[in-house]
Amino acid sequence: MTVNKQYRFDHKVIYDLIPTGNSVLDLGCGNGELLSKLIRQKGVKGLGIEKEFDLVAETIARGVPVIHSDLDEGLAGLPDRFFDYVILEKTLQAVKRPLFVLGEMMRVGTAGIVSFPNFGHRQVVLSLLSTGKMPVTPNLPYQWHDTPNIHLFTAKDFLDWAGANNVRIEKGFSWTGSEIVPFKEEESALAEEILFVVSREG
Amino acid sequence: MSDVLNVLTDKTPKKFDGPEAPCSVGYVSPRNVRLADEANPLPLECGKAIWPIDVEYEIYGGLNEKKDNAILVLHALSGDAHAAGWYHDAEELGRPWLAKRPGWWDSMIGPGKAFDTKKYCVICSNILGSCYGTTGPSSINPETGRPYGLRFPVVTVGDWVRLQERLISCLGIERLVSVVGGSLGGQQALEWALAYPDRVASAIMIASTAWLTDQGLAFNAVSRKAITADPGFKDGDYYNTIGPDQGLSVARMLAHITYLSEISMHRKFGRRFCNGDRPGFQLEADFEVEGYLRHQAESFVERFDANSYLYITKAADYYDASAWGGGDLDKACEKISSKILLVSFSSDWLYLPGHMKKLALTLGRNRKQVSYANIQSLYGHDAFLLEVDKLTLLVRNFLEGGGQIDSK
């Protein structure tokens, strides 16, 4: 199943974040749209990893290099700190081994960019409280049994992981439903989606 | 959906595009050219040199004025230059088995097909050491006036590619749009990208790897032993006699098993008996799979030379792309400047998907333009001839995809 990815803000934010000429690995690159833009317009050296055959074929059609592989198998074969940026755009919540995948991202990249739907968003929490059922929102449109999002988490969950693993949050952005604002932990319940730029401490 | 597998029916029907079909290249004829003579022999990797060499090749679609629309197709172990289209005169050519079927990759080559002959000029040549029009062990040795037999030198994938380069140069082509092959043909495509990086814009390797596994070497060793142990082999000097037909049969039967998968064999044969639904309690072939292998072997013996089988399997054994980096595949990959597409098949246990993925990652960590796709298939190694729809999608996207990026 293909993860529902509405690139309402991530594409633009990620595009702007990545400097011209950098090397980029896009984990779960989908149809290669973002990499294609980065390669064409910013001279980025890009590589995608994607597990869906049809999306691999679409990425190839864009002339973007892509390797057909499952992120849960890791990135063995790619050297440490090989890429300037490694992107995990609304993919982490859909993998089987999220911490392993995050570890691999931090290993092969100098910096990581992670975006995800925030399960701590108040609309999600209210939906759960008021209906007593797993939340179905525009951002999380699936039923409990057919969702590809098998590891949902909140902004605070992610920050806990970062704190415990010597990962520094370089930047954070929230999508509030109408605008992109800098991430603030105390206002994280207002964020539908979140994007962090991370690097290793020290 | 990527998870859908092509399910084999109990006997896979063979559907061909007839010579009159709009997507067929129609009737074709092989051509022949001398590419090495006494003044210009071909130096071989083994240290010897050989002349004369005649090469059989075929061309589909037209070469444009700038001669920059050519794609070279590379065939596998038992293949020939007849990759697409039909022969009018298969009998006269001495290849009656080709009277009722088109070239081996006809499903991929033609107007509107993956290798679109409206756009590209597709070339395929027979490899050195084969028995389909290019010089090989059954050719006349000028020193003795008799067939070479085992006096034929050991040839390699590298030798084949250097000979193909002569053909391409002879046709006036400076740079190829792509080189493509499956299995042993895929290794030739890789060799092209390593040996002539400036002369190939892209390379497509299908159901292939940078080298054969030890398991693969072992199968080939058994195949060759079957041939050389046949009393009819006579040290390779069997021309004009019956020859090692039994040995070649066994070699083909063994090889055929490695081209299929357990599931594809099950779907095809399902432990059925040749006659009726109970065992015949006899030692002769009683299961359908036995009959099938025997049929494959018999038709192969009609069309292939046992000495060629020895030489070509040996070339497959020796191939090791890492030789370009002194045994280091990373170093070898540095030489590549072409765009690369690698395709494997999930059930291929002869040329493993995992090895292809490793090659993709090796190219990737050397900052090469590489894409890799693993097609879910039940067909085993043979999938490279059968998974036409998915291969067509990948090949077309790959060949056109580069254009998109270049143009912006």
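Which entries of B:15/B:225; A:42/B:358; B:67/B:339; B:100/B:225; A:42/B:118; B:15/B:66 show an alpha-carbon separation above 26 angstrom in the structure shown? B:15/B:225; A:42/B:358; B:100/B:225; A:42/B:118; B:15/B:66, as the Cα separations exceed 26 Å there. Considering only alpha-carbon pairs that sit under 8 angstrom and 6 or more positions apart, the relative contact order computed for the stretch B:82-148 is 19 percent.
Compared with the direct C-alpha span, the chain from residue B:389 to residue B:175 gains 74.2 nm at full extension, assuming 0.36 nm per residue.
Kindly state, to the nearest 0.05, the FRET efficiency for residue B:29 paired with residue B:328, given R0 = 60 Å and r defined as their beta-carbon distance. Here the calculated transfer efficiency is 0.85. Given axes a ≥ b ≥ c from the Cα gyration tensor, I'd like to know whether the stretch B:219-352 is rounded (a/c under 1.5), prolate (a/b larger than b/c) or oblate. Oblate, because a/c is 1.5 or more while a/b does not exceed b/c. For q values of 0.08, 0.10 Å⁻¹, compute log₁₀ I(q)/I(0) with the Debye formula on a Cα-only model of chain B, without solvent. Log10 of I(q)/I(0), two decimals: -0.42, -0.67. What does the C-alpha gyration tensor say about the overall shape of the protein assembly as shown? Classify as rounded when a/c is under 1.5, otherwise prolate if a/b is larger than b/c, or oblate. Prolate, because a/c is 1.5 or more and a/b exceeds b/c.
When you restrict to C-alpha pairs under 8 Å that are six or more residues apart and normalise by the size of the stretch A:10-200, the relative contact order lands at 18 percent.
Only helical runs count toward this figure. For chain A, summing -39,500 (n - 2.57) over DSSP H runs of n ≥ 4 and dividing by all residues gives -8500 deg cm²/dmol at 222 nm.
Legend: helices of chain B (whole DSSP H runs) are marked when their alpha-carbon atoms reach 27 angstrom or more along the helix axis and their mean Kyte-Doolittle hydropathy is at least -0.5; marked are B:388-407.
Here the dipole of chain B is about 860 debye; that uses its Cα centre as origin and unit charges on the Cβ of Lys and Arg (positive) and Asp and Glu (negative).
Rounded to the nearest 0.05, the FRET efficiency derived from the C-beta distance between residue B:229 and residue B:100 at R0 = 30 Å is 0.35.
Consider a paramagnetic label point 7 Å from the Cα of residue B:66 along Cα→Cβ; state which residues of the stretch B:180-204 have an amide N under 16 Å from it. Taking a point 7 Å out along Cα→Cβ of residue B:66, the residues of the stretch B:180-204 whose backbone N falls under 16 Å are B:199-202.
When only the Cβ of Lys, Arg, Asp and Glu is charged (+1, +1, -1, -1), the dipole of the protein assembly as shown relative to its Cα centre reaches about 720 debye. Of the residues B:59, B:340, B:168, the one that moves most in a GNM of chain B with alpha-carbon contacts below 10 Å is B:168. Here the spin labels are modelled as points 7 Å beyond Cα on the Cα-Cβ line, and at residue A:110 and residue A:166 they lie 1.9 nm apart. Shown is the FRET efficiency for residue B:242 and residue A:179, computed with R0 = 56 Å from the Cβ-Cβ distance and rounded to the nearest 0.05: 0.10. For chain B, the mean residue ellipticity at 222 nm estimated from helices alone is -10000 deg cm²/dmol, where every DSSP H run of n ≥ 4 contributes -39500 (n - 2.57) and the total is divided by all residues, rounded to the nearest 500.
We did not get these values from a lab; they are worked out from the coordinates using the rules stated. Nothing here was measured: the structure is a model prediction, and the numbers come from that model. Using ideal geometry, Cβ is built from the backbone for each residue, glycine included, and neighbour counts are taken over all protein chains shown.
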